[in-house]
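The values are calculated or read from the model by the stated rules, or taken from the named source; none is laboratory data. All of these numbers come straight from a predicted model, not from anything done at the bench. With ideal geometry, Cβ positions are generated from the backbone for all residues, glycine too; neighbour counts draw on all protein chains shown. Areas reflect the complete protein model, heavy atoms only, side chains present, ligands, DNA and RNA absent. Shrake-Rupley method; radii C 1.70, N 1.55, O 1.52, S 1.80 Å.
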Amino acid sequence: MRQGPGGFWSGCGGICRDCAYSLLHFCPQVLVGCLNGSVKLFSTEKGKFIETRDCQGGQGPFCGLAVHDSALITCVESGLLKVWREASSENVETQVGPGVCRMRQNPEQLHHVATGGKENCLKVWDLQRPQEPVFRAKNVRHDWLNLRVPVWERDLQFLPGSEKIVTCTGHHQVRLYDPSSPKRRPVLEVTFGEYPLTALSLTPGANEVVVGSSHGDMAVVDLRQGRLVKCLKGFAGSIRSVQCHPTLPLVASCGLDRFLRLHHLHHKRLEHKVYLKSRLNCLLLTSREKWEDEDPGSAAAPEADVKEEDDLWDSMEIVATKPAPKRKAELPPPDPGAPKPQQGKRAKKQKGMNMEP
């Protein structure tokens with residue numbers, strides 16, 4: 001692991017898509033899932049990886065990371081959902097089905113996780129009883145040609161304050177599920193665009209969801225009325241991760257065009273755009289509010305150093321120096337082999353007038 005130019009860190013074995021889990025709410029650390037099957041703990045205070053854990057099992061990259069009761073929760077593409085405890089004999093694992101694209105934890109019930117993928121419908125699992133899912137979604141009815149609608153859940157998220165789950169599919173659909181409803185089919189469905197939806201994030205009020213597609217389109221969908229509200233522009237590649245600020249009307253996004261973008265949700269304005277040199281898989285926003293004001297001592301230290309440096313320069317004696325005299329431009333010596341310049345008619349006439357008696 002080494003730090004590259006511009007403060008970027010590399011050498012972690014390749015980060016899986018959507019496999020960074022934030023621990024900033026509890027401590028300034030971030031979990032990172034790597035393609036080699038290891039999970040690394042990155043400290044934002046020290047600026048380095050401080051711990052590595054081998055979590056190999058199953059096939060394919062990680063599809064989600066979570067933490068519950070000091071235990072690490074991982075899920076891979078082949079469908080192996082595993083709880084890693086300090087003692088290996090206490091590890092718990094279950095099979096959630098192949099082709100998993102996403103696993104997320106319920107932020108209010110940490111022992112509940114949801115999974116979904118390609119031909120793998122949405123399921124909610126209780127890690128205390130992982131034998132069977134507590135909720136299994138049912139596919140929608142056949143289309144107008146009486147053909148089966150394929151299942152492809154790409155991303156999902158729990159709505160705060162309820163058991164509802166919003167998902168986006170690879171067939172450009174946004175769906176809302178309610179496990180407390182007697183029917184297991186989605187209670188709301190909205191289509192956006194013509195390309196697969198790859199990422200989503202709930203707005204601060206949880207009444208709207210921001211979705212991004214593989215074609216570089218991003219939009220805001222109202223979950224109450226089931227309609228498209230607005231579109232956000234300025235993308236040049238597939239969007240891989242979207243995250244809204246927990247309190248401010250801002251949404252951050254990144255993707256294959258190597259740019260990190262920050263949009264204003266109300267004005268649809270692109271506030272910031274940063275080029276980060278590599279293809280981006282995921283991003284995280286800190287869950288701590290006003291984190292700049294948490295440690296005033298660290299912010300005051302650079303200001304004190306600058307003040308001491310200014311006082312040092314002010315205490316130095318000023319030495320007056322005379323300006324160097326300006327040198328006249330020296331003409332190059334004449335070339336003896338060069339032809340002499342011809343005199344004009346006016347110069348010859350003036351010379352003849354001066355020679356007359």
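Here segment 70-150 is assigned +1 on the Cβ of each Lys and Arg and -1 on the Cβ of each Asp and Glu. Its dipole about the Cα centre then comes out at about 340 debye. Surface analysis of segment 57-169 yields an accessible area of 48 Å² per residue, using protein heavy atoms and a 1.4 Å probe. For the peptides 69-77, 51-59, 277-285, the ranking by mean Cβ contacts within 10 Å, running from highest to lowest, is 69-77, 277-285, 51-59. Answer with one residue from 177, 248, 225: the one whose Cα lies farthest towards the positive end of the charge dipole of segment 172-258, charges on Cβ with Lys, Arg +1 and Asp, Glu -1. Looking along the dipole axis, the top candidate is 177. Packing-based ranking of 262-272, 108-118 yields 108-118, 262-272, ordered from highest to lowest mean Cβ neighbour count within 10 Å.
Taking every C-alpha pair closer than 8 Å and separated by at least 6 residues, the mean separation divided by the residue count of segment 124-218 gives a relative contact order of 20 percent.
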